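First comes the structure, then the notes that go with it.
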Amino acid sequence: MNIIHLILGLFLAGIAAYGIGRLKPAAASWLTLAASWAALLILFLGGDTLAGGNAWGLLAFKMTPLGWFFSMTLLFVYSTNTFFNLSVPAAPTRQAAYPMLYLISLASTIGVFSAENWLALFIFWEIVLWSSTFMIGFGKPGRGSIIYFGMSLLGSFMMLFAILVMGTAYQTFEVKGALMAAAQSPGPALLVFLLMLFSAMVKLGITPFHIWMPEAYHEAPDHFAPVLAGGLSKLGAFTALMVTSFLPASTLMAQPWQVRGLPLLTYILLTVSAVSIVIGTLMAIKQEDAKKLLAYSSVANSGYIMIGMLMGTPMSVSGALVHLLAHALATTVTFMVMAAVARQTGTTRMDELGGLLHRMPITFLAFLTAILSLVGLPPMLGFVSKWLILQSLASQGLFLVAAAAIFGSIGSLLYAFRILSTVFLGQLKPKHRQVREAPAVLLIPLLLLSGVTLVLGIYPYGLVQYTAKIENSLGFADTVQITGLSIQGNNGNLNALLIMGAFAIGFLIALGIFLKAPKSRKVDLMDTYTGGEFIYSPELYSYSTNFFAPLERVYAGLPEISRLYEALANRVRDLGTLVQYLFFSPLPSRTALLISVVTILLIWGEAI
Amino acid sequence: MQMNPVLTIALPLILAFTKIMYRRIANLFLVLGSLLNVLVVFFIKEGQYLMGGYAPPFGIVLQVDAYALYSLLVLNVLFAALTILVTKKAENLTSSSLIALAALNGLILTGDLFNLFVFLEIAAIAAIIIASSSKRYHHAFHYMVASIIGSTFYLLGLILLYKQYGTLNMAKMHELMLASPGGSSVAVILIFVGLAVEVKLMPFSGWVKGVLKNADEWIGPMIGAIYGGAMMIVMGRLFTDVFVVSPKVTLLLSILALVTLVGGEAAAYDSEKMREILLYSGVAQSGLEILLILNGYAALSFILILSNMMAKYVMFLLSGYIVNAAGTDVLGDLKGLFRSNPFLGFAFTAAGLSLAGLPLFVGFFIKLNILYNLMMSHSYWLPAIILITSLVEGIYMLRMILGLWQTGLEVQETGIQIISPSNIKTKYAVHAITLILSLAMVVFGLMPDYALDLAQKARGNAVADKPAMMIGMKGGPGQ
């Protein structure tokens, strides 16, 4: 069994799933489940030494520790999400293509992470792109899928341009070799670096390329949004990390300007990532729809990942990798929870929800775990990664960026609490009295993912050790250090087990107080009156609209970057209208005139 | 067995005129004639065929090289497929269609510049008759005016060339032009303009909109795909194998081509109707093709022409049927159409994705090689422009395709069948032909080496200083 068999197998399973799906949709969903879990098992057992293989010359594969880490992360997201595919509401439409596209995009992500040359990587990258575009199209109608496609295509073409520059300037397409060659000779290396990084930023959803995220996440079908949010955006981190480690900005632009020991270019990009954190956080606070809120949270979290990779120190890269995993796990859970909520209640708008804690307690627990991890609180994995990133920011002395990072963490508390309190806490809406806990098949992935988040948060040593291995394979001189049970930082160490112990004690005390203290009385939403009058419409009691209104007012007038893209698209339209008017008039006389005049101009132009 | 290529011209011509006596079985003439032509093409061997026993450069020759042969094959197969599909529409057009076929074959085969003019005129007349079958005579008239001006310019250019070099034979002309370059630029420009009208280069393409925006399943593939492709093949022949163009003229014409590429894509982006999008995208594609031809990328332009021809054929054909079934081609009114027609939807999608140059389809490798070769000649800005236009193209193509699928849960199925189920024969034929073509795009997308090799062999030695370096699945240079 090698990577080619794996990829080919998944492709074929996808085509088979289409055939089966046309006859019996449920069977196709089971096939997706079986195929993706089998792939996960093979990859897990094979480890990062899984044989590559060579199909046609161009499509050559080689597993690396970095590729394995990413493949495992994505495969885990994909395969846990297959449980949600099972629960696709009895489709009124033909959706037989969905399982096929799902498996094709899964196979292609493995292709991206294990490709030996840039062209193969690009081919798979693009297949992931169009297959996911079609899958988003299975959701709500709207512009989301096309915005996603357009922005991603912009990113891919930037990458393709960089690939071709490397191919022509250095005569090689090999993933590592081409970047190393670029690092050796300055020439067009800066162009390659910037284009590659921009394309990664599009995929990661870093400002100003993030506009596709809220639209696409919002419109994607509920059972695909977890993969889109938790999985696919991580493709960008993969190329970004390779570029920043094989073609570091420190060799490209060490001179002449430096900021705090970092090249100016790196500092600018770090600032952009910091801005991404701030904007993502502020926008998330504003949203009324839970899926859009979570999308902006991804914008902010991608900023952390990018910062970790750009700094390029062993600790920061470990932080980026761990954060990537933590974010993948947590975001997947949050979107799955939203899918479960949407399935049970029919909406993801926060002002229509409330009090679901009593109806869906297990979903709530999974959500709580994920939210805590996203915010970066112990004992979840998100804490470990944020600690690593903040440590390296502090030791580098980048206080402005660090301030943005901390702002993002505090802001994430605000918006995470908002979902928590408006969806799960508070009072149950009367129309949701009949809502029940999500079926067991949906709880399995929720518990799996949040379990991993918790376990890795308590015992992150194996994971951090593996990031050290990745750093080794990427050619880092030294790697992140672990002694005993503490991860070594520059000004303090992290002992996750110790923190867990302290946390557990605190939890036990709180539990004791809770059990001992008198119980609260549950009050029904409609059990109240205002100004002596009873109100019968429950929506009027909703406190979730304009949740943070005083805060939002502070930045209400902030210009939106999507306007810029809209303006660009409109200019293309204008040009098109102009061309249609000038050159495609229905009048034969005008055509005759144009032909003659342009011919004369050509002859004249030739003469001068 | 070996057949004379003149049969591909003579056979349809004879049938076109004998058919007049047998009106009742006119369709049979058309279908059999075009099928017979396909058969003939399979037995044609490469070489030079003299007409009337006069040796070149005095007599007319038919030049059958790999370039002409592959083009003939694709053209005749597509034409025959169309006659099988659209027999009803073609009923009154049997003669003109057969004449069109003869003329197009002649255009590709002939090795004589004046002979080419004759075929150009015949093809144009046939095309005008075909275009007027939509009963929109104004647009057919528009086409006629444009093409008459074009062919006049062609003739004018030809006269100038004949006066200067004293020959009409292509090979001889090439030799003479190589020997004494310069001085013939005006003639070359005139001939270029003459053909540019036919290949839809802006700003000579005013007629295209009127003819193609109302095209049915017969006019669309015929004018939009087959004619456009054949004329572009001729353009490739003249500006690669025959004329020696001065750098200044190349630059001037390249600018026109570039304007066409950018303007065409923008115009397509601005359109909301299916056939308008297709026709503007076709205009843009011909800009790119001419750009490649002028700058000596013969093999790349060749394979691009053929693959575009096939993709456009599928898309125009299906859009014609869609308009028949739905009564409109405004994309907003066609949402979810493909859900009731998944196979035709697949064919349309594959053709569209291939045109947009997405991987898994052959268009990707063609675009990749174009960009790679342009970059190898140390130009960054040209690939950048092509990539930006590709971005625009990708967006409007996907917008159209996604809208037509509109798989979302909240949209109702239209339930419209693109081809009415009562018409079983047409239904299966359309399914078969479009699916075969779109599967070919997938197969060549997975194994592009064969196609790239063929194009390389056919056109590799056409331009000595620009040998294309092809990247296929087997890997490319520097691998």
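Throughout, read-outs are computed from the coordinates displayed, never taken from laboratory work. Keep in mind that what you see is a predicted model, and the values were worked out from it rather than measured. When we count neighbours, we look across all protein chains shown, and the Cβ atoms used for this are built from the backbone with ideal geometry, even at glycine.
With a Cα-only, solvent-free Debye model of the stretch A:1-116, what are the log10 I(q)/I(0) values at q = 0.19, 0.23 Å⁻¹?
At q = 0.19, 0.23 Å⁻¹ the computed log10 ratios are -0.90, -1.19.
For B:Lys457 and B:Ile416, what does the FRET efficiency come to when R0 = 35 Å and r is the distance between their Cβ atoms, rounded to the nearest 0.05?
The computed FRET efficiency comes out at 0.20.
What does the net charge come to around A:Met306 if you take all other residues with beta carbon closer than 13 Å to its beta carbon, with K and R at +1 and D and E at -1?
Result for the neighbourhood of A:Met306: +2.
If you put +1 on each Lys and Arg Cβ and -1 on each Asp and Glu Cβ, how big is the dipole of the protein assembly as shown around its Cα centre, in Debye rounded to 20?
For the protein assembly as shown, the charge dipole is close to 1400 debye.
Report, in whole Å, the centroid distance computed from the Cα atoms of the stretch B:71-112 and the stretch A:302-316.
62 Å
Assigning unit charges at the beta carbon (Lys, Arg +1; Asp, Glu -1) and nothing else, what dipole magnitude in debye, to the nearest 20, does chain B show about its Cα centre?
Dipole of chain B, to the nearest 20 debye: 640 debye.
Would you please state which residues of the stretch B:190-217 a label at B:Gln164 would reach in this model, taking the label point 7 Å out along Cα→Cβ and a backbone N cut-off of under 13 Å?
B:190-192
Taking only C-alpha pairs under 8 Å that are 6+ residues apart, what is the relative contact order of the stretch A:127-282 in percent?
This gives 28 percent for the stretch A:127-282.
Sum up the charges of everything whose Cβ sits under 15 Å from the Cβ of B:Glu393, counting Lys and Arg as +1 and Asp and Glu as -1, but leave B:Glu393 out.
-1
For the stretch A:420-516, state the semi-axes of the equivalent ellipsoid (square roots of 5 times the eigenvalues of the alpha-carbon gyration tensor), sorted largest first and rounded to whole angstrom.
38, 21, 12
What FRET efficiency would be calculated for the residue pair A:Arg553, A:Thr271, taking the C-beta separation as r and a Förster radius of 30 Å, to the nearest 0.05?
That pair, A:Arg553 with A:Thr271, gives E of 0.70.
Once the principal axes of the Cα atoms of the stretch B:7-459 are found, what is the range along each, listed largest first in whole angstroms?
Reported extents, whole Å, longest axis first: 69, 60, 42.
When you look at the Cβ of every residue in B:278-287, what mean number of other chain Cβ atoms sits within 10 Å?
That works out to 1 on average.
With the cut-off at 60 Å, report for the protein assembly as shown the share of all Cα pairs above it, as a whole percent.
So the pairs more than 60 Å apart make up 17 percent of the total in the protein assembly as shown.
For the stretch B:316-414, which trypsin sites (Lys or Arg not before Pro) pass both filters: DSSP loop (anything but H, G, I, E, B) and at most 11 other C-beta atoms within 10 Å?
Counting only loop positions with at most 11 other Cβ atoms within 10 Å, none of the trypsin sites (Lys or Arg not before Pro) in the stretch B:316-414 qualifies.
Note down the relative contact order for chain A as a percent, whole number, built from C-alpha pairs under 8 angstrom at least six residues apart.
Once divided by the residue count of chain A, the mean separation gives 12 percent.
When we measure straight from the Cα of B:Lys248, which lysines land under 24 angstrom away, once same-chain ones fewer than 8 places off are left out?
List returned: B:Lys163, B:Lys172, B:Lys200, B:Lys466.
Averaging sequence separations of C-alpha pairs under 8 Å and six or more residues apart, then dividing by the length of chain B, give the relative contact order as a whole percent.
13 percent
Within the set A:Lys24/A:Lys431; A:Lys203/B:Lys335; B:Lys273/B:Lys427; A:Lys292/A:Lys469, which residue pairs have Cα atoms separated by over 32 Å?
Those over the limit are A:Lys24/A:Lys431; A:Lys292/A:Lys469.
Dividing the convex hull volume of the Cα atoms of the stretch A:293-332 by its residue count, what figure in Å³ per residue is obtained?
40 Å³
For chain A, report the translational diffusion coefficient in µm²/s to the nearest whole number, using Stokes-Einstein at 37 °C, 0.692 mPa s, and a Kirkwood Rh over Cα pairs.
For the chosen part, D equals 128 µm²/s.
Positive end of the dipole of chain B, charges at C-beta (+1 Lys, Arg; -1 Asp, Glu), about the Cα centre: which of B:Ser132, B:Ile189, B:Gly264 has its Cα farthest in that direction?
Of the candidates, B:Ser132 comes out farthest on the positive side.
Which loop-located trypsin sites (Lys or Arg not before Pro) does the stretch A:421-471 contain, where loop means any DSSP state but H, G, I, E or B and the Cβ has at most 12 other Cβ atoms within 10 Å?
Counting only loop positions with at most 12 other Cβ atoms within 10 Å, the trypsin sites (Lys or Arg not before Pro) in the stretch A:421-471 are A:Arg433, A:Arg436.
Test of understanding: what is the full-extension gain from A:Lys469 to A:Gln258, defined as 0.36 nm times their sequence separation minus their Cα-Cα distance?
Gain on extension, A:Lys469 to A:Gln258, equals 73.0 nm.
Show the residues, 5+ positions off or on another chain, whose built amide H is closer than 5 Å to the amide H of B:Ser420.
Distant-sequence amide H within range of B:Ser420: zero hits.
When the Karplus curve 6.51 cos²θ - 1.76 cosθ + 1.60 is applied with θ = phi - 60°, which whole-Hz ³J(HN,Hα) does each residue of the stretch B:249-256 get, with x for Gly and Pro?
5, 4, 5, 4, 5, 5, 5, 4
Under the definition of partner shielding as Cβ atoms of other protein chains within 10 Å of a residue Cβ, what is the mean value for peptide A:127-140?
Across the residues of A:127-140, the mean count of other-chain Cβ atoms within 10 Å is 4.
What FRET efficiency, computed as 1/(1 + (r/R0)^6) with R0 = 22 Å and r the Cβ-Cβ distance, is obtained for B:Leu446 and A:Arg22, rounded to the nearest 0.05?
So the FRET efficiency works out to roughly 0.40.
With only alpha-carbon pairs counted, each pair once and no self-pairs, how large is the Kirkwood hydrodynamic radius of the stretch A:562-607 in angstroms?
12.7 Å
Give the average, rounded to an integer, of partner chain Cβ atoms located within 10 angstrom of each Cβ in A:160-169.
That works out to 6 on average.
So which aspartates and glutamates pass the test for B:Lys19, namely a Cα distance under 14 Å, with those fewer than 8 places away in the same chain ruled out?
List returned: B:Glu91.
Take the alpha carbon atoms of the stretch A:409-437, find their center, do the same for the stretch B:284-355, and report the distance between the two centers in whole angstrom.
49 Å
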